[in-house]
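The next block holds one structure in the form of structure tokens; read it before the comments.
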Amino acid sequence: MTRSFTFPGLGTRVIFGAGSLAQTGAEVGRLGHARALILSTPHQRPEADALSAQLCTLCAGVFAQATMHTPTDVTAKAIAAYNALGADCVVSLGGGSTTGLGKAIATRTGADQVVIPTTYAGSEMTDILGETADGQKTTRRDPSIRPETVIYDVDLTLSLPYALTVTSALNAIAHAMEAFYAPDRNPVIELMCRDAMRVFSGVLPVLQRRPQDPDARAEALYAAWCCSTALGQVSMALHHKLAHVLGGSFNLPHAETHAVLLPHTTAFNEAAVPGLLAPIAAAFGGATAGGALWDFAARIGAPLKLSDLGLAEADLDRAADLAIKTPYPNPRPFDRADIRRLLQQAFDGRRPTN
Ligand code: NAD
């Protein structure tokens, strides 16, 4: 087929490197602001306080109550603090949960965002926000959600526990996997995703042996940036739908759920588009992309079973029902029985077949 694509451009300024946290103040100033509200989870409060001391008068305060799934009541509290402190922008220091809170504030107040990611989840380069209210998670895309500046400081990822390193990286790989067959993919994203697969396949075994290896950490964070950029540019399909259903309706942990599902959703779609997923099979050294990812995940100690994440076997029927409601477009057509079978395979932790 003759080549044809749209490249929307990259709207976010990116600063990458060890020690780049020191540039936060300059980036706040560059955006024309002087009173940043720093956001973090309670767990990362010490890092947020240290950044506050570093920013000095540029910091209006710290709000350290970010939590998984961006509940709207936490957002309301954060906006009250933002207004009371006279803040004029947000600095989100942490994983996807903290980035989510920053986005929720930004889309309601117009605040500019500087995001400093400390996991590989990949929210920072996207215009996507998932929020929960009354136990329901809804996800939307809007230009007002996309952060203005992202600072990737490798040093902040040295403390990432190995278990979260693995699941967070597989979460990132899932963005690339779906980007390879996205109908709105473009050559820049494809190149970034190919490189991310090459890098992740090489560095995760290194991090398994030496979780604080600074060079391997830098490579992993670079690969995560590539995958985040893919998530921020192209549409996602069955894999992300299933992860949203299991996270949103059954409260399964985000990164772990992506990690367990990934080989199964990859194998399922590989049957329809084997050529598009061939870069994954090649990068992870297998005959098939799904099989190669499952073998790799097992080797690096990733969780392999939904049953280990707190899902009950009795929930699989309802999960299949929810997954076929308002489905995302997918390269391989499916019905409820297909999804039920896929979920059973992931529940049992069996090596996937196409
Ligand atoms: P998280 O942000 O919930 O972090 C998990 C825990 O790890 C937290 O306690 C956090 O403080 C801690 N942590 C983070 N970095 C650390 C580090 N370097 N060292 C030690 N501890 C650290 O987890 P996550 O997987 O990054 O993000 C998951 C959330 O992000 C989900 O709610 C998901 O929906 C969202 N997400 C959104 C998008 C998007 O584009 N909207 C993309 C990916 C993920």
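The values are calculated or read from the model by the stated rules, or taken from the named source; none is laboratory data. Quantities reported herein were computed from a predicted structural model and do not represent experimental measurements. Here the Cβ positions follow ideal geometry from the backbone for every residue, glycine too, while neighbour counts run over all protein chains shown. These accessible areas exclude ligands, DNA and RNA; they are computed on the full protein's heavy atoms, side chains included. Shrake-Rupley method; radii C 1.70, N 1.55, O 1.52, S 1.80 Å.
A few remarks follow.
- Applying the criterion of at least 2 residues that are within 17 Å of Arg341 (Cβ to Cβ) and of a type outside the set (Val, Ile, Thr) to the helices (runs of 4 or more DSSP H) found wholly in segment 254-321 leaves 254-270, 289-299.
- Among residues of segment 61-85 that are closer than 19 Å to Thr132 by Cβ and within 11 Å of the ligand (Cβ to nearest atom), those with a Cβ under 8 angstrom from a residue that is β-branched (Val, Ile, Thr) and part of a helix (DSSP H, G or I), sequence gap 6+ or separate chain, pair up as Ala66/Val74; Ala66/Thr98; Thr67/Val74.
- Cβ-Cβ distances below 6 Å connect the following pairs, each with a first residue in segment 21-39 that is part of a helix (DSSP H, G or I), a second residue that is among the β-branched types (Val, Ile, Thr) and modelled with pLDDT of 95 or more, and a separation of six or more residues or different chains: Gln23/Ile15; Glu27/Val114; Glu27/Thr149.
- Qualifying residue in segment 241-250 (condition: under 16 Å from Ala176 (Cβ atoms), away from the ligand (no atom under 16 Å from the Cβ) and part of a helix (DSSP H, G or I)): no
- Residue count for segment 310-354 satisfying the condition of being in contact (Cβ under 8 Å) with a residue 60 or more places away in the chain, within 18 Å of Asn251 (Cα to Cα), open to solvent by less than 30 Å² (accessible area, probe 1.4 Å) and in contact with a Ser or Thr (Cβ under 8 Å, 6 or more places away or on another chain): 1.
- Considering the conditions (1) under 26 Å from Val206 (Cβ atoms); (2) open to solvent by 30 Å² or more (accessible area, probe 1.4 Å), Thr139 is excluded by exactly one of them, (1).
- Looking at Thr99, Thr107, Thr132, just one residue is within 11 Å of the ligand (Cβ to nearest atom), open to solvent by 10 Å² or more (accessible area, probe 1.4 Å) and either in contact with a strand residue (DSSP E or B) (Cβ under 8 Å, 6 or more places away or on another chain) or free of Cβ contacts under 8 Å to residues at least 40 places away in the same chain (or both), and that residue is Thr132.
- Taking the criterion of being under 29 Å from Phe7 (Cα atoms) and in contact with a helix residue (DSSP H, G or I) (Cβ under 6 Å, 6 or more places away or on another chain), the residues of segment 242-258 that qualify are Leu242, Ala243, Ala255, His258.
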